[in-house]
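Q: Sharing a structure below in structure tokens format, with a few things to ask.
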Amino acid sequence: MRKVITYGTFDLLHVGHINLLRRAKEVGDYLIVAISSDEFNALKDKKAYYSFEQRKAILEAVRYVDEVIPEQKWEQKVEDVQDYDIDVFVMGDDWKGEFDFLKYYCEVVYLPRTVGISTTQIKKDLNKAHNG
Ligand code: C2G
């Protein structure tokens, strides 16, 4: 069984996330998603609208996702790849090159981001619509 892992906040789930998850699943048979904890989001200067538990429940309902684990620190990726016996690490290409050190442990694949959508833009648009 070819196991894939990817990491992210996945807040206000949108088609950009779904496109990433679908393609990540396509490169293997089993997809683990490490979702950023609320505390780790703070380290990324991100404040998710949905809590970790809510984002976890939403991702577990996505057909491409087989397992969801917490992402609590930058340094856990090597340990995760070893502990979960991962074959492929996948990220959107906004992270291209950032995780090449994992190439010693598994394949590293950066997939093109979906253009024109982001959680940040969704929040901006909603704020504008609400405040006129
Ligand atoms: N993504 C995408 N297209 C978009 C938006 C996001 O392909 N329009 C991808 C990102 O490239 C990432 C994944 O969806 O691979 C999750 O995006 P975020 O939730 O923004 O994740 P991020 O904050 O980049 O967290 O340790 C890695 C970090 O936790 C990554």
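Q: Quote the FRET efficiency, to the nearest 0.05, computed for residue 22 versus residue 124 with a Förster distance R0 of 30 Å and r equal to the Cβ-Cβ distance.
A: 0.70
Q: Would you tally the net charge around residue 26, using a Cβ to Cβ cut-off of less than 15 Å, leaving residue 26 out, and scoring K and R as +1, D and E as -1?
A: +2
Q: Tell me the GluC sites (Glu not before Pro) within the range 58-130 that lie in a loop according to DSSP and have at most 14 other beta-carbon atoms within 10 Å.
A: For GluC sites (Glu not before Pro) across the range 58-130 that sit outside H, G, I, E and B with at most 14 neighbouring Cβ atoms in 10 Å, the list reads 98.
Q: Quick one: check the C-alpha center-to-center distance for the range 94-132 versus the range 30-44, whole angstrom.
A: If we compute the Cα centre of each part, the gap is 13 Å.
Q: Counting only pairs 8 or more places apart or on different chains, how many lysine pairs in the chain have C-alpha atoms closer than 13 Å? Present the calculation step by step, with values, prior to reporting the outcome.
A: Numbers: 3/25; 44/73; 46/123; 47/123; 77/103.
Number of lysine pairs found: 5.
Q: Another one. Calculate the FRET efficiency for residue 61 and residue 94 from the Cβ-Cβ distance with a Förster distance of 35 Å, rounded to the nearest 0.05.
A: My answer for the efficiency is 0.90.
Q: Also, I was wondering about something else. Please state the charge dipole magnitude for the range 1-65, taken about the Cα centre, from unit charges on C-beta atoms (+1 on K and R, -1 on D and E), reported in debye and rounded to the nearest 20.
A: 260 debye
Q: Set Lys and Arg Cβ to +1 and Asp and Glu Cβ to -1, take the dipole of the range 33-79 about its Cα centre, and tell me which of 70, 33, 48 lies farthest positive.
A: 48
Q: Roughly how many debye, to the nearest 20, is the charge dipole of the range 60-102 about its Cα centre, given +1 on each Lys and Arg Cβ, -1 on each Asp and Glu Cβ, and no other charges?
A: Here the range 60-102 has a charge dipole of around 120 debye.
Q: Considering just Cα atoms, how many Å³ per residue does the convex hull of the chain enclose?
A: 107 Å³
Q: Now for a different question. With all protein chains present and a 1.4 Å probe, how do 36, 51 order by accessible area, largest first?
A: Numbers: 36 0, 51 40 Å².
Highest to lowest solvent-accessible surface, that is 51, 36.
Q: Only residues of the range 1-25 count here: report those whose backbone N is under 14 Å from the spot 7 Å along Cα→Cβ of residue 69, or say none.
A: In the range 1-25, the label zone of residue 69 (backbone N under 14 Å from the point 7 Å along Cα→Cβ) covers 3-8.
Q: Still on this structure: Can you pull the one-decimal nm distance between simple spin-label points at residue 53 and residue 103, each 7 Å off the Cα toward Cβ?
A: Roughly 4.2 nm, to one decimal.
Q: Can you compute the charge dipole magnitude of the range 22-132 about its Cα centre, using +1 on each Lys and Arg Cβ and -1 on each Asp and Glu Cβ, nothing else charged? Give it in debye, rounded to the nearest 20.
A: 820 debye
Q: Here is a follow-up. Heavy atoms only, 1.4 Å probe, whole protein assembly: order 113, 2, 63 by accessible area, highest first. Please report the intermediate quantities before stating the final value.
A: Working: 113 120, 2 85, 63 195 Å².
Output order, biggest surface exposure first: 63, 113, 2.
Q: Related question: Just to verify a number: what accessible area does residue 12 come out at with the full protein assembly present, 1.4 Å probe, Å² rounded to tens?
A: 30 Å²
Q: Once ligands and nucleic acids are excluded and a 1.4 Å probe is used, how much of residue 18 is accessible, expressed in Å² to the nearest 10?
A: 50 Å²
The values are calculated or read from the model by the stated rules, or taken from the named source; none is laboratory data. Values in this document were obtained by computation on a predicted structure and should not be read as measured data. Methodologically, a virtual Cβ is constructed for each residue, glycine included, from the backbone with ideal geometry; neighbour enumeration extends over all protein chains shown. The area values use the complete protein model at the heavy-atom level, side chains included, leaving out ligands, DNA and RNA. Shrake-Rupley method; radii C 1.70, N 1.55, O 1.52, S 1.80 Å.
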